[in-house]
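Chemist: Okay, handing you the structure first.
The values are calculated or read from the model by the stated rules, or taken from the named source; none is laboratory data. No experiment lies behind these values; they were computed from the predicted model shown. Cβ placement follows ideal geometry from the backbone for every residue including glycine, while neighbour counts extend to all protein chains displayed.
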């Protein structure tokens, strides 16, 4: 995206079929379409990795008859998702698409010319102050795009005095009217775009074949969340990191990361849906940290080589205070299960994420060499919103947040693994069929049948044993969930405090994790 472009995140969706009794094929895309048909399903099909790119290719570059100066780009993302970018192009930015006579700019003159015969006409600019076409719920009518109301200006105290202040107020009002004019025109463009997309999708051979096979057709692209590329501060510079990386196959997360200066790591097998490889994501994170270690070592060795007077320099060490890095690992499948209202699938993916976190911390600790005086490596787990399975959509509850020194988490993970291996070995010896899993194998979500069995066992255990009293704030919490987190020592805080908190914890925990591990190893040897 460039400055002046606007974009929408989109869903391929299924609308109530139009012209069901008419013959399919020739002439179908020439028929009039209803402006607001019913949205039967906002997600045409999650398994859309083959059909999605085909339909996006058919939509990419489509022309809008009423707005020939507007360029349309369509890109496939994951599952049923896509992205649409609207641009006015170089010629349009130079004035080819001007504010129309039907929407005069302020100033009193016709065509927005301030009475000067058109000399004041300004090129049209796309506006992101418009709504989408997505009703956000199934079985509601497709929406028409409308300009969003401008924020109410703060009431000024007292009366403005003086000619300069009056002129300033007039210019401000003119600017607001110009923005509203642009928003109105953009809404017209988006509505024509929505209609043209439906015409193409309705007649596309892929959809005709899906209809014959009895599959849900993707006969609409729901547009939502209009936005423009905003100048964001560099994340790494803002928080004092040498580098910021992200493993995020989900396109909207990757896009935001790029805008904030992150390096988005390639991750073969990471798909941003139920097919994703958590093992591949773990390896991508570990690889990023190892490369940072190696770079720090090279810099240290180079510094030693350049030392003057034969003075010995300090040994090169990884992840020094002068070059800490930040790595974001994003998992989408848990959220998908909430949207699909699939409780057992959500539980299965939470278990898979738990296994991935265990492997990640163990691998990281095996590849790092902590040293005295350096900020500690901190592992944090959280989410950006809740997606309750009973609701099937995002909700506004506070999300849990947990952070701990890497080595402390690793010690707990290794203890858990040792206990699990002993249990499986005992089951195998007793003929229970238990076996040790391949530690380097793929991390997969348990089956729905297995999760139902787990839930049944938990229900039985709950009946046999009552829950004890709440732990004190100083006690470690044994689980990561909203209820447990609410009893933690951090309390409730806004998302803007997450990064400052992690930076402070990293400095405060410089040697805590290692001390705990050393003490445990000493006791084990005794």
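Chemist: Which of the following residues is modelled with pLDDT of 90 or more, closer than 19 Å to residue 56 by Cβ and either surrounded by fewer than 18 Cβ atoms within 10 Å (Cβ to Cβ) or within 32 Å of the chain's Cα centre (by Cα) (or both): 138, 128, 134?
Modeler: That would be 134, the only listed residue that is modelled with pLDDT of 90 or more, closer than 19 Å to residue 56 by Cβ and either surrounded by fewer than 18 Cβ atoms within 10 Å (Cβ to Cβ) or within 32 Å of the chain's Cα centre (by Cα) (or both).
Chemist: Against the definition (in the same structural domain as residue 500 (by TED's automatic domain parsing) and farther than 14 Å from residue 83 by Cβ), how does residue 254 come out, yes or no?
Modeler: Judged against the criteria, residue 254 is not a match.
Chemist: Does residue 281 satisfy the condition of being under 30 Å from residue 366 (Cα atoms) and more than 14 Å from the chain's Cα centre (by Cα)?
Modeler: Considered against the rule, which asks whether it is under 30 Å from residue 366 (Cα atoms) and more than 14 Å from the chain's Cα centre (by Cα), residue 281 comes out as yes.
Chemist: Between 408, 352, 403, which is within 24 Å of the chain's Cα centre (by Cα), crowded, with 19+ Cβ neighbours inside 10 Å and modelled with pLDDT of 75 or more?
Modeler: Just a single option satisfies the conditions, and that option is 352.
Chemist: What number of residues within the range 39-90 satisfy the criterion of being part of a strand (DSSP E or B) and either in contact (Cβ under 8 Å) with a residue 60 or more places away in the chain or within 26 Å of residue 271 (Cβ to Cβ) (or both)?
Modeler: 15
Chemist: Could you tell me which numbered condition residue 230 fails, if it satisfies all but one of (1) part of a loop (DSSP other than H, G, I, E, B); (2) without any contact (Cβ under 8 Å) to a residue 12 or more places away in the chain?
Modeler: Going through (1) part of a loop (DSSP other than H, G, I, E, B); (2) without any contact (Cβ under 8 Å) to a residue 12 or more places away in the chain one by one, residue 230 breaks only (2).
Chemist: Next question, about the same structure. I'm trying to understand the selection: among the residues of the range 366-383, which are part of a loop (DSSP other than H, G, I, E, B) and either modelled with pLDDT under 90 or touching a strand residue (DSSP E or B) at 6+ places or on another chain (Cβ under 7 Å) (or both)? Spell out how you get there, then give the answer.
Modeler: Quick first cut of the range 366-383, residues part of a loop (DSSP other than H, G, I, E, B) only: 368-377, 383.
Within the range 366-383, 368, 369, 370, 371, 372, 373, 374, 375, 376, 377 qualify.
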